[in-house]
Amino acid sequence: MRKKSDLPTKTCASCGLPFAWRKKWERDWDNVKFCSDRCRRAAKSSDKAASGADA
């Protein structure tokens with residue numbers, strides 16, 4: 001069993017907080033950008049708002 005401190009970490013693209021590797025992200029770790037579904041949705045909605053403001 002590994003310690004959580006031994007696992008690789010990344011910084012969330014939405015909130016900026018660090019998050020650790022999870023087993024469910026094992027195959028897709030290189031593409032993981034957000035720490036949670038909430039941050040993923042927030043980033044997606046802010047992208048829509050920004051693109052709508054430009055038009």
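The values are calculated or read from the model by the stated rules, or taken from the named source; none is laboratory data. Note that this is a predicted model, so its numbers are computed, not measured. Note that each Cβ is placed from the backbone with ideal geometry, even for glycine, and that neighbours are counted across all protein chains shown.
Values computed for the structure shown
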quantity: Pairs with Cβ under 9 Å, 6+ apart, first in segment 1-26 and over 14 Å from residue 40 (Cβ atoms) and modelled with pLDDT of 90 or more, second hydroxyl-bearing (Ser, Thr, Tyr) and surrounded by 10 or more Cβ atoms within 10 Å (Cβ to Cβ); calculated: 18/9; 18/11; 20/9; 21/9
quantity: Subset tally (residues that are in contact with a helix residue (DSSP H, G or I) (Cβ under 7 Å, 6 or more places away or on another chain) and hydrophobic (A, V, I, L, M, F, W, C)) for segment 9-26; calculated: 5
quantity: Filtered residues of segment 1-45 (kept if part of a loop (DSSP other than H, G, I, E, B) and aliphatic (A, V, I, L, M)); calculated: 1, 7, 13, 17, 32
